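For reference, the structure is listed below as structure tokens.
The values are calculated or read from the model by the stated rules, or taken from the named source; none is laboratory data. Model, not experiment: these values are computed from the prediction. Because the Cβ atoms are built from the backbone with ideal geometry, glycine has one as well, and the counts that use them run over all protein chains shown. We work out accessible area using only protein heavy atoms, side chains counted, and drop any ligands, DNA or RNA first. Shrake-Rupley method; radii C 1.70, N 1.55, O 1.52, S 1.80 Å.
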Amino acid sequence: MDLLRVSPPPLAGTVLFLCKWNHTRVSLDGKFLSNENFQKTLRRGRRCFLTKIDASISSSNDMGKDPDVPAEDKLVGSRLIYAVAPAMGHNQESHPESHLRVPSIVSALNEMKLTPMFRSSEVIELQNFKKASVDDIASVHSRAYVLGLEKMKVERTSQNGIIHIEGSGPTYATASTFKESLTAAGAGISLIDSVVTASKKSQDPPIGFALIRPPGHHAIPEGPMGFCVFGNVAIAARYAQRVHGLKRVFILDFDVHHGNGTNDAFYEDPDIFFLSTHQDGSYPGTGKFHEVGQRDGEGATLNLPLPGGSGDSAMRAVFDEVIVPCAQRFKPDIILVSAGYDAHVLDPLGSLQFTTGTYYFLASNIQQLAKDLCGGRCVFFLEGGYNLQSLSHSIADSFHAFLGDPSLASKFDNPGILYEEPLKRVWEAIKRVKSIHSL
């Protein structure tokens, strides 16, 4: 298959599926376009999502059985529950968001004896979980977008090529992307079910971790963006509200990149607090201090761009000075975490200086924050992280934190590669955001 590349339209968030099968172009709604109609669709920008689609809709009733929540006695006695959805068919050669990411993590967990095989009384791997339904996805995303991706899957299953989603960053889709994205979102939803079930029986329920891909925090309501297809954490937040009555959801995003999709989804919602720490000036260029929400949601969004070079000292200060007081004031019913590991000093797509030890600190302290504020209800969702070694080690050390084990960061981190953090600028950023949000 030859790929056709064009410059993205000027409207942010515009996405089209552009590919070349026998000199044919395909739009997001799955319709074949002549050259003239292709140019018209390109000019319409965001309006392409409003095209009526005559396609069958997958409903909750045909998306599989209810999640297989472990027995309550096993849940109550455990400390950590995780789900794996590696999306092995969603892959493009040499792309940083590859099918090797989750298997690398699972391999590290096995090597460090952090799986149920070695810690059966403490660790549960959730299996046989259901896929998310189209209705679940449509609680956050445009139904036209969701059905367009589904229709593309149906019409292209016989092809072996990759569909590039132009205008959305280097995001791609394959024949299995729709199904595997539903599986990823479903893993998160099922972990919500399990954690909430355990919290009804214990004040110390297991923490959840969705080891899933594609990631989600860049996916905007109207379409995919920045490697992300569906907003997994946003979908889980709406599910927690709708199904479990957990009205107030606190979302913390510590990916090196701003979670613009989650930001946009809840920008006017006072019941979902979105807090993002990210590298200043990084992709996608959003997440400025002044972006605080609007209308009823004003004040329920906090963005803290950190200067390049910020590391462990910076994040510890941010946690104590910003994250904790924000969460305490908001009084959440559940905490969800967009856990991006691309702020690691070794990651190729960022310029921060987090270490394995930084992620151990975050995991341990977020877990304690959830215990203090919302009965321990907390689920992590994998976002970025593209150096397979630092990604795997950091998540494994997060598991150590959840289990109350000592950190093994000293075995993996090399202090010799770190340089002085710009702490003066970090504290200026902290003071600025505290002033804006009256912390």
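The residue that is nearest to residue 347 (Cα to Cα), among those in segment 264-319 that are acidic (Asp, Glu) and outside any loop (DSSP other than H, G, I, E, B), is 312.
Sort through 391, 362 and tell me the only one that's in contact with a Gly (Cβ under 6 Å, 6 or more places away or on another chain) and in a helix (DSSP H, G or I). Outline the logic, then answer.
On the way: 362 fails: in contact with a Gly (Cβ under 6 Å, 6 or more places away or on another chain).
After applying the criteria, what remains is 391.
Does residue 411 satisfy the criteria of being within 30 Å of residue 187 (Cβ to Cβ), of a type in the set (Lys, Arg) and outside any loop (DSSP other than H, G, I, E, B)?
Values: within 30 Å of residue 187 (Cβ to Cβ): yes; of a type in the set (Lys, Arg): yes; outside any loop (DSSP other than H, G, I, E, B): yes.
So residue 411 fits the description; yes.
Restricting attention to segment 320-347, report how many residues are part of a loop (DSSP other than H, G, I, E, B) and either without any contact (Cβ under 8 Å) to a residue 24 or more places away in the chain or among the acidic types (Asp, Glu) (or both).
Kept after step one, since they are part of a loop (DSSP other than H, G, I, E, B), are these residues of segment 320-347: 331-333, 340-343, 345-347.
Remaining after also requiring either without any contact (Cβ under 8 Å) to a residue 24 or more places away in the chain or among the acidic types (Asp, Glu) (or both): 333, 342, 347.
Matching residues across segment 320-347 total 3.
Listed here are the residues, each with its yes/no results for (1) open to solvent by less than 40 Å² (accessible area, probe 1.4 Å); (2) within 21 Å of the chain's Cα centre (by Cα); (3) modelled with pLDDT of 80 or more.
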position	(1), (2), (3)
35	no, no, no
44	no, no, no
70	yes, no, yes
98	yes, yes, yes
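Of these, 320, 333, which one is more than 24 Å from residue 101 (Cβ to Cβ), open to solvent by 40 Å² or more (accessible area, probe 1.4 Å) and in contact with a strand residue (DSSP E or B) (Cβ under 9 Å, 6 or more places away or on another chain)? Being more than 24 Å from residue 101 (Cβ to Cβ), open to solvent by 40 Å² or more (accessible area, probe 1.4 Å) and in contact with a strand residue (DSSP E or B) (Cβ under 9 Å, 6 or more places away or on another chain) holds for just one of 320, 333, which is 333. Taking the condition of being free of Cβ contacts under 8 Å to residues at least 60 places away in the same chain, open to solvent by less than 50 Å² (accessible area, probe 1.4 Å) and not polar (S, T, N, Q), how many residues in segment 104-117 meet it? Residues meeting the conditions: 1. Checked against (1) touching a residue at least 24 places away in the same chain (Cβ under 8 Å); (2) out of contact with any helix residue (DSSP H, G or I) (no Cβ under 7 Å at 6 or more places or on another chain); (3) open to solvent by 40 Å² or more (accessible area, probe 1.4 Å); (4) hydroxyl-bearing (Ser, Thr, Tyr), residue 120 meets all criteria but (1).
Considering (1) open to solvent by 10 Å² or more (accessible area, probe 1.4 Å); (2) among the small types (Gly, Ala, Ser); (3) outside any helix (DSSP H, G or I), the lone condition that residue 384 does not fulfil carries the number (1). Within segment 416-436, is there a residue that is open to solvent by 20 Å² or more (accessible area, probe 1.4 Å), more than 24 Å from residue 97 (Cβ to Cβ), touching an Asp or Glu at 6+ places or on another chain (Cβ under 9 Å) and of a type in the set (A, V, I, L, M)? Yes, that holds for at least one residue. Hey, could you check segment 226-242 for residues that are open to solvent by 10 Å² or more (accessible area, probe 1.4 Å) and in contact (Cβ under 8 Å) with a residue 40 or more places away in the chain and say which is nearest to residue 292 (Cα to Cα)? Checking each candidate, the answer is 238.
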